[in-house]
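J.: Right, I'll just put the structure down here and ask away after.
The values are calculated or read from the model by the stated rules, or taken from the named source; none is laboratory data. Quick caveat: nothing in here was measured; it's all calculated off a predicted structure. Using ideal geometry, Cβ is built from the backbone for each residue, glycine included, and neighbour counts are taken over all protein chains shown.
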Amino acid sequence: MLAKKLKNIKEGMRNVITRMQKRIAKTAPQKRTKVAVGLSPKTSEVPLQVAVGESKFYLGEQPTKTYKPQQELPWGYGQDKIVLQVRDPWWIHAYWEITALTFDRLKERLKDAFFSAQRILRVYDVSNIIFDGTNAHRFFDIEIGSEANNWYIDTQGPGRSWCVDLGLRLPNGEFVTVVRSNTVHTPLEGPSWITDEEWMIPEDLFSRLYGMGVGFGSSPLKLKRLWQERLKREFGSGGISSVSSPVRKVRQKGFWLVVNTELIVYGATEPDATVTVQNQPVCLRPDGTFSLRFALPDGKQVIPVKATSFDKSEDRTITPIVNRETR
């Protein structure tokens, strides 16, 4: 039994040595070395122990990796399309593709007028409406070259909705739409000025969130104590005051309570319109929005808001009436 195992081991070693001989012959054919089994180290041939040691690190023939070159994106996809996307509150970006077949059809339809027409991006302000192609608040045109396939557009006002037509403006002023984009909405350039009751949170949750935000921890009692100390200091020094909602100095000892109210009036109209509130002119933001804060004393408050179009051909008036009663 033992003799059989030794024979198998010897045969395995011979196979390993044979593979080593082939590898050495391929790499260095001018220096072939015979490998003999069982020869002493004194001979010039490679002894068995050295051949076995080298064979431990032989991994066999390694496959050659083939790298395929990366394919570039195609110049076009063979369909008429324009895509609009938002870059920031002021800028939007459009890119498009018009097929040669579409231009051929336009040439047949417009005849000689096609060659004298200008390629135009017509940018529509479609804020707060369902756009049907004719009811935009306003639009402006951008002339583009025949080789252009994308364009950055300055909307000159954040917080609006936009749609773009790519088309041809004929010599007689007629505009022929070739393709229409999707509608995008640019964000406001700052925090929203809309106060929405939907986003109000319970007082105890607000206290915990505020406390963790300013480093007071989430303990309502600790936050309440620190907040009261701050209010007392500011009331005592007259630190809390406002032109629109004045609070008189309060110097009281022990238990105390102060309550006041304010009214926020906000709205929007055309950016080039004129707006007055209680017959006083109001400065509009670039997107046509406005907001005001009023003190709200006891009694009835009538706040007429009037907007007049740029050409003074139209005007609108909305009058909020607010009653306050303190008990």
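J.: Any residue at all in the stretch 271-280 that's at pLDDT 85 or above and either in the same structural domain as GLY159 (by TED's automatic domain parsing) or in contact with a Gly (Cβ under 6 Å, 6 or more places away or on another chain) (or both)? Before the answer, list the steps.
T.: Step one: list which residues in the stretch 271-280 are at pLDDT 85 or above, which gives 271-280.
Add one more test, that the residue is either in the same structural domain as GLY159 (by TED's automatic domain parsing) or in contact with a Gly (Cβ under 6 Å, 6 or more places away or on another chain) (or both), and what stays is 271.
Within the stretch 271-280 (the criterion being at pLDDT 85 or above and either in the same structural domain as GLY159 (by TED's automatic domain parsing) or in contact with a Gly (Cβ under 6 Å, 6 or more places away or on another chain) (or both)), the answer is yes, since at least one residue qualifies.
J.: Sticking with this one: Residues of the stretch 101-135 being polar (S, T, N, Q), surrounded by fewer than 16 Cβ atoms within 10 Å (Cβ to Cβ) and under 14 Å from VAL164 (Cα atoms), which ones?
T.: Within the stretch 101-135, THR134, ASN135 qualify.
J.: Moving on. Quick one: count up the residues across the stretch 141-193 that are among the charged types (D, E, K, R), outside any strand (DSSP E or B) and touching a residue at least 40 places away in the same chain (Cβ under 8 Å). Show your work before the answer.
T.: Let us first name the residues in the stretch 141-193 that are among the charged types (D, E, K, R), namely 141, 143, 147, 154, 160, 165, 169, 174, 180, 189.
Keeping just the survivors that are outside any strand (DSSP E or B) gives 147, 160, 174, 189.
Adding the requirement that they be touching a residue at least 40 places away in the same chain (Cβ under 8 Å) leaves 160, 189.
Adding up the residues that qualify gives 2.
J.: Inspect all residues belonging to the stretch 63-77 and state whether any of them is at pLDDT 70 or above, of a type in the set (Val, Ile, Thr) and exposed (fewer than 10 other Cβ atoms within 10 Å of the Cβ).
T.: Kept after step one, since they are at pLDDT 70 or above, are these residues of the stretch 63-77: 63-66, 68-77.
Filter once more, so that each one left must be of a type in the set (Val, Ile, Thr): 64, 66.
Now narrow it down to the ones that are exposed (fewer than 10 other Cβ atoms within 10 Å of the Cβ): 64, 66.
Scanning the stretch 63-77, I find at least one residue that is at pLDDT 70 or above, of a type in the set (Val, Ile, Thr) and exposed (fewer than 10 other Cβ atoms within 10 Å of the Cβ), so the answer is yes.
J.: Go through LYS306, LYS300 for me and flag whichever is surrounded by 15 or more Cβ atoms within 10 Å (Cβ to Cβ), in contact with a strand residue (DSSP E or B) (Cβ under 9 Å, 6 or more places away or on another chain) and on the phi < 0 side of the Ramachandran plot.
T.: Values: LYS300 fails: surrounded by 15 or more Cβ atoms within 10 Å (Cβ to Cβ).
Going through LYS306, LYS300 in turn, the sole match is LYS306.
J.: Output the number of residues of the stretch 293-315 satisfying the condition of being assigned to a strand (DSSP E or B) and either without any contact (Cβ under 8 Å) to a residue 40 or more places away in the chain or small (Gly, Ala, Ser) (or both).
T.: Restricting attention to the stretch 293-315, the residues satisfying the condition of being assigned to a strand (DSSP E or B) are 293-295, 299-302, 305-308, 315.
Those still in the list that are either without any contact (Cβ under 8 Å) to a residue 40 or more places away in the chain or small (Gly, Ala, Ser) (or both) too: 295, 299-302, 306-308, 315.
Going through the stretch 293-315 one residue at a time, the tally reaches 9.
J.: While we're here: Of the residues that make up the stretch 86-107, is at least one in contact (Cβ under 8 Å) with a residue 12 or more places away in the chain, closer than 30 Å to PHE290 by Cα, among the charged types (D, E, K, R) and not assigned by TED's automatic domain parsing to the domain that holds LEU284?
T.: Taking the stretch 86-107 and keeping what is in contact (Cβ under 8 Å) with a residue 12 or more places away in the chain, we get 86-99, 102, 106.
From what is left, the residues that are closer than 30 Å to PHE290 by Cα are 86-94.
Then keep just the ones that are among the charged types (D, E, K, R); that gives 87-88.
The next check asks that each one be not assigned by TED's automatic domain parsing to the domain that holds LEU284; those that pass are 87-88.
The answer is yes, given that some residue of the stretch 86-107 is in contact (Cβ under 8 Å) with a residue 12 or more places away in the chain, closer than 30 Å to PHE290 by Cα, among the charged types (D, E, K, R) and not assigned by TED's automatic domain parsing to the domain that holds LEU284.
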